[in-house]
1. Could you list all residues from the range B:64-91 that are part of a strand (DSSP E or B), crowded, with 21+ Cβ neighbours inside 10 Å and out of contact with any Gly (no Cβ under 8 Å at 6 or more places or on another chain)?
2. Only one residue in B:GLY534, B:GLY520, B:GLY541 is of a type outside the set (A, V, I, L, M, F, W, C) and open to solvent by 20 Å² or more (accessible area, probe 1.4 Å). Which one?
3. Working only within the range B:483-502, note down all residues that are surrounded by fewer than 18 Cβ atoms within 10 Å (Cβ to Cβ), closer than 14 Å to B:TYR460 by Cβ and at pLDDT 90 or above.
4. Is it fair to say B:VAL515 is on the phi < 0 side of the Ramachandran plot and away from chain A (no Cβ under 14 Å)?
5. Taking only the range A:1-47 into account, find how many residues are part of a helix (DSSP H, G or I), polar (S, T, N, Q) and within 27 Å of the chain's Cα centre (by Cα).
6. When B:PHE153 is evaluated against the numbered criteria (1) without any contact (Cβ under 8 Å) to a residue 60 or more places away in the chain; (2) surrounded by 15 or more Cβ atoms within 10 Å (Cβ to Cβ); (3) not small (Gly, Ala, Ser), which criterion, by number, is the only one it fails?
7. Against the condition over 20 Å from the mean Cα position of the chain (by Cα) and aliphatic (A, V, I, L, M), how does B:ILE416 come out, does it pass?
Amino acid sequence: MYGSGILAGLGVTLKHFIDSYVDDLKFLGQRYYNPASLNQRQGTRGKGVFTVQFPEEKLPTPERFRFIPFLLYDEKPDGTHDDRCTSCGICAKVCPPQCIWIKRSNDPVTGRPVPQPAAFYIDIDICMNCGYCAEYCPFDAIKMDHDYELASFDRTSAHIFDKQKLDKPVAYYASLRPTDYAAEELVRAEEEAKKAAKKADAASKAAAPVAV
Amino acid sequence: MSATAPTVAAVPANLAEHFPAGVVADTRKGYEGYVVGAAQLLQVAGAIRDKLGYNYLSSVTGVDYPESNQIEVVYHAFKTSGGPGLNFKVQADRNDPVVPSLVGLYPGAEFQEREIFDMYGVRFDGHPDLRRILMWDGFAGYPLRKDWKEPFFEEDLKPFASRWPGGDVRRSEESDPFGANVQYPPEFDPYEWTPETETAIYKLIQPKAGNGNGGHLKTDKLIVNIGPQHPSTHGVFRMVVVLDGETVVDLKPVMGYLHRNHEKIGERNTFLQNMPYTDRLDYLASMSNNHAYALSVERLMGVKVPERAEYLRVLMVELTRICSHMWAIGFLLNDLGAFQTPALYAIKERELILDFFEATAGSRMMCNYMRFGGVSRDLPAALRDENTMDFLRDLVNNRLSYAIDELDRFLTHSEILRSRCIGVGVLPAEKAIAYSAAGPLLRASGVDYDLRRADPYSIYDRFDFNVCTRPNGDVYDRYLVRIDEMRESVRICQQVVAGMPTGGEILAGKPQYNVRVPAGESYGRVENPKGELGFYVVSTGKTNPWRYHVRAPSFVNLTLLGEVCKGHKIADVVVILGSIDIVLGEVDR
């Protein structure tokens with residue numbers, strides 16, 4: 001029958017229309033601003049509309065979500081910061097749009113390079129959020145952030161992040177990416193143990209009387 | 001050489017014997033194919049097409065070799081019956097490069113030759129419409145030549161020395177203001193100058209204008225510009241249309257508004273740095289772009305991709321295909337006037353897939369997921385409150401096939417859709433091949449050519465799926481092919497999820513940030529949702545590619561737009577463009 005195709009199509013629309021209310025009934029007014037409902041709404045079991053009431057309600061960012069790098073520091077017991085960055089420059093070299101500037105510090109006495117950055121800049125206007133810096137950093141010193149709300153009134157100086165703005169504690173990283181953090185700490189602990197064993201080994205060898 | 005990478009080897013041994021005068025085998029290290037003399041090119045190409053059966057000219061591109069003072073034009077021809085291709089080159093003097101045009105033999109070369117003219121200044125003898133295509137007409141210089149420098153030029157190759165160890169931050173626009181590297185043509189006066197492209201384009205189509213359509217109505221011929229700012233052009237794309245009443249007499253696409261010299265950026269980048277840039281080509285299918293680029297570089301490197309990584313790649317790429325086709329169908333309906341409802345139903349499913357990409361790769365659209373020799377991350381343990389594998393099983397076994405069936409029920413038999421699409425924009429099979437059409441466009445014209453089957457790459461030879469074709473080559477058939485292909489993609493995804501090895505490596509070797517790629521050339525191609533996506537990469541053995549060319553399916557598919565639109569109503573032009581499914585990030589590069 002002519003027109004049956006349109007009618008069948010309208011049937012699909014009607015079904016979608018009804019489905020958008022089924023979730024409402026199920027959650028009885030708790031459809032929005034409710035994490036349990038959000039998971040259902042946005043998942044494979046969600047039948048109704050996917051709408052999120054932004055900005056009151058936000059999609060949770062998955063752990064691996066990447067947006068603008070930041071630098072990690074360990075907090076020492078006395079409250080001072082211990083930068084993980086050694087200013088090796090791998091992130092600046094691998095960065096595809098070349099948005100990372102690193103100034104290496106030198107020892108004032110010997111003039112030799114010291115494994116610590118004197119300055120660290122990231123131009124977030126240029127950063128393309130590829131995540132290479134975090135991926136290839138051998139010291140787990142630079143990681144990708146989750147904070148995507150970066151609008152500002154000034155695009156010149158405010159969009160060049162310096163070390164002070166980039167520095168964040170390891171605890172912050174651990175809260176963003178608990179799984180990655182745990183895995184990395186495991187590897188770090190293993191390496192530490194290996195190093196310690198080597199040292200102990202060397203020390204015991206040195207201490208042992210030399211057989212004549 | 002990796003066994004799974006696409007190969008363009010195994011050339012017929014007799015080509016050089018056939019033409020002893022003008023053809024020699026390319027013996028440079030890592031290169032393949034033949035070098036043809038410019039004088040013999042037409043004859044040789046004719047024989048390649050008619051006698052050897054390489055009827056599909058996939059890619060035409062240029063490479064600059066200032067050391068030997070030559071510009072090389074590289075052709076990659078394939079057979080639509082499948083199998084490896086044939087690669088032949090013509091060398092031209094860099095100071096005055098002239099090469100005969102192949103448009104007469106392969107009309108699909110038209111835009112690609114114009115691009116080479118635009119980027120390298122190679123003049124193609126006998127080209128019907130040799131104008132700049134991506135750059136504006138008042139532009140001086142040839143941007144892909146090695147000695148050309150862009151505004152804000154800093155250094156030839158990345159990484160730049162100013163970044164480390166003495167990284168004093170500066171914004172390029174402050175330290176190197178726009179100017180030093182900007183060149184204008186001699187005697188250029190911005191107030192007096194009228195863009196030649198405009199006059200040329202109107203001149204080209206003007207003679208055909210005139211009064212009367214031969215019928216009983218007296219009609220005026222009218223030139224209408226659709227775009228560049230027009231919602232139906234899917235971006236900044238312009239069509240200059242000559243109308244007789246409402247009927248299209250002639251149509252010329254104008255593009256380049258989104259041009260950013262992607263290929264030059266790619267040649268400044270290291271090999272690895274290009275990966276996130278490929279995301280920005282066809283930004284609806286970043287996983288496929290990653291895949292094609294990875295394949296072409298892996299072919300040079302000779303890496304074997306681990307089993308699990310191959311499965312992950314295929315899974316990602318097929319999900320991308322579903323996304324992209326959903327988008328194409330949804331917005332085809334938008335172009336037809338069914339505003340937003342079908343589009344939103346379609347991209348709702350896309351949302352789930354993008355969530356999965358975000359959880360795995362870290363980004364929804366700019367995935368940057370693949371690396372040379374594998375992928376960057378394994379699947380996450382959980383996606384929101386669900387186990388990832390459970391989510392995937394649910395997605396590919398239930399949700400997606402249901403959604404596709406629903407879309408089918410919603411649209412396919414709709415009388416409105418049928419009357420607007422059937423018989424519109426018909427593209428016969430021979431023409432589709434001649435114009436180097438690719439992807440759903442080609443298969444809707446009844447050509448059984450899908451790279452996953454015709455020239456299998458990755459692990460596609462293991463999966464059971466059909467190559468979807470339709471016989472009529474109209475807009476409706478392109479729509480149906482996309483629906484069918486989504487079903488096949490779901491089937492592949494089901495097989496991947498069922499057969500994926502648990503655990504195991506996802507990257508061959510150690511992660512390396514500065515890969516050295518052996519010298520040579522490589523053309524890696526994949527079946528992108530939009531068609532054949534190829535990367536032509538030339539390496540000199542260093543860390544940066546010497547040449548990085550993207551054979552963009554959207555760009556090449558536009559070659560036939562004017563041809564297909566002729567004789568249809570102006571409202572159908574929008575629909576035909578929608579059925580070709582272009583993404584301007586890839587067209588303009």
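1. Matches in the range B:64-91: B:ASP64, B:TYR75.
2. Values: B:GLY534 fails: open to solvent by 20 Å² or more (accessible area, probe 1.4 Å); B:GLY520 fails: open to solvent by 20 Å² or more (accessible area, probe 1.4 Å).
None of the other options fit; the residue is B:GLY541.
3. Result: B:ARG491, single match.
4. No: the conditions fail for B:VAL515.
5. Count: 4.
6. (2)
7. On the way: over 20 Å from the mean Cα position of the chain (by Cα): yes; aliphatic (A, V, I, L, M): yes.
Spelling it out, B:ILE416 is indeed over 20 Å from the mean Cα position of the chain (by Cα) and aliphatic (A, V, I, L, M).
The rows are residues; the columns are (1) of a type in the set (Gly, Ala, Ser); (2) surrounded by fewer than 21 Cβ atoms within 10 Å (Cβ to Cβ); (3) within 14 Å of chain A (Cβ to nearest Cβ); (4) closer than 25 Å to B:ASN528 by Cβ.
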site: B:THR233; (1), (2), (3), (4): no, no, no, yes
site: B:PHE237; (1), (2), (3), (4): no, no, no, yes
site: B:LEU243; (1), (2), (3), (4): no, yes, no, no
site: B:VAL249; (1), (2), (3), (4): no, yes, no, no
site: B:VAL254; (1), (2), (3), (4): no, yes, no, yes
site: B:LEU258; (1), (2), (3), (4): no, yes, no, yes
site: B:PRO276; (1), (2), (3), (4): no, no, yes, yes
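The values are calculated or read from the model by the stated rules, or taken from the named source; none is laboratory data. Not measured: the values here are computed from a predicted model. We place every Cβ from the backbone using ideal geometry, glycine too, and count neighbours over all the protein chains shown. Calculation scope for accessible area: heavy atoms of the full protein, side chains included, ligands and nucleic acids excluded. Shrake-Rupley method; radii C 1.70, N 1.55, O 1.52, S 1.80 Å.
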